[in-house]
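*Asks:* Would you mind keeping the following structure in view while I ask a few things?
Read the figures in this text as sums done on the coordinates, not as results from a lab. In this text, all values refer to a predicted model and were calculated from it rather than measured experimentally. A quick note on method: Cβ atoms are made from the backbone with ideal geometry, for glycine too, and the neighbour counts reach across all protein chains shown.
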Number of protein chains: 2
Amino acid sequence: MPALAHHAPAAELADRLTRAEAACAQRGARLTDIRRTVLELILQAGEPIGAYALLDRLKDKSGQGKPPTVYRALDFLLAQGLIHRVERLNAFVGCHEEADHPHPVQFLICGECGNVAEFEDQAIGTAVATIASRSGFVVKRSIVEVEGVCAECATLAAG
Amino acid sequence: MPALAHHAPAAELADRLTRAEAACAQRGARLTDIRRTVLELILQAGEPIGAYALLDRLKDKSGQGKPPTVYRALDFLLAQGLIHRVERLNAFVGCHEEADHPHPVQFLICGECGNVAEFEDQAIGTAVATIASRSGFVVKRSIVEVEGVCAECATLAAG
DNA sequence: CGGGCGGGCGTTACGTTATAGCGTATCTGT
DNA sequence: ACAGATACGCTATAACGTAACGCCCGCCCG
């Protein structure tokens, strides 16, 4: 059981959903029932969750769904910046920021407890931009995923 | 057809294989026929290649092989630092360096031509280390994969 | 020499992740 | 109401990856 996995308080969850709705409305994007439910499931999970785990939960909730159902919802949520994909885990997490601005995504992935912390470090973004421009490379998206052991798990192991 | 994909000259390929053999011998690691062939196929490809594409080529060459055959060889080559895995593509590339020292791996991935350039930027490594230590996170491996358009493809598109 | 051990490999079977393609329904703007 | 675009249901299949078992062979030690 992941030590850091904590389900957000219900109030915070509701708040994040409300803000997601607002953000979508503002852009004319349609946060349908399925999409909203998938987002809710991801936020509830509190840790990275795979597409098929989401599918199972979706079926529990609404009795319906096939793989494309989930993948289409995920595509939408990714495009809206409401969630991120963790490449290393083939899994998805809610974006910790408000989705108002696109931002580079950087993760610390704990191999012990499975938790993922999102961070945003300017220096990394700058360094990537420098390297890219030096070779004429046009950056579309940059993936930074650091695997290791989080402070809590390291302490547990040591203590 | 990827614009940048170029098969290395045969002489260079042979040279890299020879050095791989030497590196393995030095460490007491056994570069068996299968492992050597898989490495050779990866180097020949000149661009990222998936496990099942490797399997097909392996079967063409030797008439044998199942998925575990390839995955076991890949595990070995990864452990020896002779190849890298590109998470974003679920594919593998030869390591451009001599495998004498482990090193953080950073890629520029062109979405147009499919080519991948490996680079090693000290600033990124430093920034990651800083972030990690600040939160007590112990880094085991760091993945940096930048998606975009390489200079050649950008020029083509513009011209 | 021969017995035990470990690594490498073959094989079967299965689990997991992701997408193609097509038809239907629903929503939106005019 | 109509036309076009978007969303969704469904079947099927592609693509990626691993568990588990047994055999064979080389090596080391007695």
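*Asks:* Within 10 Å of each Cβ in peptide B:113-119, how many partner chain Cβ atoms are there on average? Round it to a whole number, please.
*Replies:* On the way: counts 0, 0, 0, 0, 3, 0, 5.
Averaged over the peptide's residues, the number is 1.
*Asks:* Taking residue B:12 in one copy and the same position in all the others, each labelled 7 Å out along Cα→Cβ, what are the pairwise distances from the first, in nm, shortest first?
*Replies:* Once sorted, the set of distances for residue B:12 reads 5.2 nm.
*Asks:* Roughly what % of DSSP beta bridges within region B:10-158 run antiparallel, to the nearest 5?
*Replies:* Of those bridges, close to 60 percent are antiparallel.
*Asks:* Grab the DSSP H runs of the protein assembly as shown that are 4 residues or longer, score each as -39,500 (n - 2.57), total them, divide by all residues and round the 222 nm result to the nearest 500 deg cm²/dmol.
*Replies:* -15500 deg cm²/dmol
*Asks:* To continue, here is another question. Relative contact order for chain A: what percent, with Cα pairs under 8 Å and sequence separation of 6 or more?
*Replies:* On the way: 184 pairs, mean separation 34.9, N = 159.
The normalised contact order for chain A reaches 22 percent.
*Asks:* Hey, another quick one. Provide, in order from the shortest bin, the percent of all Cα-Cα pairs of the protein assembly as shown in each 20 Å bin, continuing until the bin that contains the maximum pair distance.
*Replies:* 27, 56, 17, 0
*Asks:* What does the average come to when, for each residue of peptide A:124-135, you count the partner chain Cβ atoms lying within 10 Å of its Cβ?
*Replies:* Numbers: counts 10, 2, 3, 10, 9, 1, 3, 10, 6, 0, 2, 5.
That works out to 5 on average.
*Asks:* Report, in debye and to the nearest 20, how large the dipole of chain A comes out about its Cα centre when Lys and Arg carry +1 and Asp and Glu carry -1 on their Cβ.
*Replies:* 760 debye
*Asks:* What is the ratio of the Cα radius of gyration of region A:10-158 to 2.2 N^0.38 Å, where N is its residue count, to two decimals?
*Replies:* 1.14
*Asks:* So, one more: Other chains' Cβ within 10 Å of B:146-156 residues: what's the mean? Walk me through the numbers on the way to the answer.
*Replies:* Working: counts 12, 7, 8, 5, 5, 5, 2, 3, 3, 1, 0.
For this peptide, the per-residue mean of nearby foreign Cβ atoms is 5.
*Asks:* Right, here's the next one. Can you compute the FRET efficiency between residue A:130 and residue A:62 using 1/(1 + (r/R0)^6), with r the Cβ-Cβ distance and R0 = 41 Å? Round to the nearest 0.05.
*Replies:* Step by step, r from the Cβ atoms, then E = 0.30.
*Asks:* Further question on the same structure: Nearest 5 is fine: what % of DSSP beta bridges in the protein assembly as shown come out antiparallel, could you say?
*Replies:* 70 percent
*Asks:* For the pair residue B:53 and residue B:25, how long in nm is the line joining their label points, each one 7 Å along Cα→Cβ?
*Replies:* Spacing of the two 7 Å Cα→Cβ label points: 3.2 nm.
*Asks:* Now for a separate question. Could you tell me the distance between the Cα centroids of region A:100-139 and region A:31-78, to the nearest Å?
*Replies:* Here the two parts' Cα centres lie 26 Å apart.
*Asks:* Given the options B:111, B:64, B:78, identify the residue whose Cα lies farthest towards the positive end of the charge dipole of region B:10-158 (+1 on Cβ of Lys, Arg; -1 on Cβ of Asp, Glu).
*Replies:* About the Cα centre, the residue reaching furthest to the positive side is B:64.
*Asks:* Percent of Cα-Cα pairs per 10 Å bin, from 0 to the last occupied bin, for region A:107-159, please list those.
*Replies:* The distribution over region A:107-159 is 22, 37, 25, 14, 3, given as percents.
*Asks:* Cα extents of region B:43-126 along the three principal axes, largest first, in whole Å?
*Replies:* 46, 32, 18
*Asks:* Using a label point 7 Å beyond Cα on the Cα-Cβ vector, give me the inter-copy distances for residue A:29 in nanometres, one decimal, shortest first.
*Replies:* Its label point is 4.3 nm from the equivalent points in the other copies.
*Asks:* What are the nm distances, shortest first, from residue B:118 to its equivalents in the other copies, labels at 7 Å along Cα→Cβ?
*Replies:* Label-point distances to the other copies, shortest first: 3.1 nm.
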